[in-house]
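First the structure, in the form of structure tokens, and then the observations on it.
The values are calculated or read from the model by the stated rules, or taken from the named source; none is laboratory data. All figures in this text were calculated on a predicted structure; none of them were measured in a lab. Neighbour counts are summed over all protein chains in view; Cβ atoms, including those assigned to glycine, are modelled from backbone coordinates with ideal geometry. Calculation scope for accessible area: heavy atoms of the full protein, side chains included, ligands and nucleic acids excluded. Shrake-Rupley method; radii C 1.70, N 1.55, O 1.52, S 1.80 Å.
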Amino acid sequence: NTQPNVSLKFNEGFMTIVGIDARHYYPLLTHTILAMRLAGATSFGSERMLYYLGNIDNPLLPNIKTDRPDALLRGFNTDIPVPTDGNFAFEAPANNLRGFGLNIRNGSSYALFNSELRVPVFKYLLHRKPSLGSFWRNFQLTGFFDVGTAWQGLSPYSGDNPINIVPKNNPPTVYMNVKYFRDSLVAGYGAGVRMQLL
């Protein structure tokens with residue numbers, strides 16, 4: 001009989017993620033709903049999660065401007081630098097921040113607030129028709145406001161946050177990092193529709 005050689009070392013591959021996803025739906029008028037969501041997470045340990053803030057779960061068309069066609073196909077914003085240090089073992093999208101491509105902000109922590117006013121217009125217009133079809137019954141006009149941030153380190157407003165550091169290199173002699181403040185808080189608002197298809 002031989003004993004298996006098993007060792008447990010937390011300094012090699014230890015990751016902890018703490019997060020929240022809280023939702024509240026507040027009824028207004030007869031059928032109108034104000035939907036609110038607060039989401040956030042942070043990761044720490046010898047390995048961490050890299051969160052990409054922006055976009056929605058299933059975009060029909062990416063809405064970013066970039067010179068790289070492959071980034072358009074993925075819906076990924078390449079104008080924001082991705083941290084190269086930080087021992088990131090995994091990556092995850094931090095959705096929904098409508099109006100921005102994925103990676104409008106990134107880091108090992110993120111915080112996000114979504115609010116959406118949902119008005120089922122046909123329930124109000126055709127309320128006397130009991131045989132209102134499923135599509136018309138679930139059709140909603142929406143107005144939304146999203147605000148969020150993602151960062152690396154203790155605070156999104158830290159001067160050492162990688163989003164505030166831009167490398168400007170001219171090899172072989174000039175290598176420098178330029179520090180400037182970029183607001184880590186990003187907000188979007190707009191209108192849309194919600195519907196049930198098929």
- Item | Selection count where residues are outside any loop (DSSP other than H, G, I, E, B) and either of a type outside the set (D, E, K, R) or open to solvent by 40 Å² or more (accessible area, probe 1.4 Å) (or both), scope the range 92-109 | 8
- Query: How many residues are under 18 Å from D57 (Cβ atoms), at pLDDT 80 or above and open to solvent by less than 20 Å² (accessible area, probe 1.4 Å) if we restrict to the range 70-91?
  - Reply: 1
- Starting from the range 110-121, keep only residues that are in a loop (DSSP other than H, G, I, E, B), then list their pairs with residues that are of a type in the set (S, T, N, Q) whose Cβ atoms are within a distance under 6 Å, requiring at least 6 positions of separation or different chains. P120/Q140
- Restricting the first residue to the range 167-183 and requiring it to be free of Cβ contacts under 8 Å to residues at least 24 places away in the same chain, which pairs with a second residue that is charged (D, E, K, R) and part of a strand (DSSP E or B) meet a Cβ separation below 8 Å and a spacing of at least six or different chains? V174/K168; M176/K168; N177/K168; V178/K168
- Task: Give the residue that is modelled with the lowest pLDDT, with candidates limited to residues of the range 143-178 that are touching a Lys or Arg at 6+ places or on another chain (Cβ under 7 Å) and not aliphatic (A, V, I, L, M).
- Result: G159
- Task: Please determine, by comparing only the residues of the range 18-55 that are of a type in the set (F, W, Y) and open to solvent by less than 60 Å² (accessible area, probe 1.4 Å), which one is farthest from F145 (Cα to Cα).
- Result: Y51
- Item | For D183: the one exception among (1) charged (D, E, K, R); (2) closer than 19 Å to L53 by Cβ; (3) at pLDDT 85 or above | (3)
- Message: Being open to solvent by less than 40 Å² (accessible area, probe 1.4 Å) and part of a loop (DSSP other than H, G, I, E, B) is the filter here; which residues of the range 159-198 pass it?
- Response: N161, S184
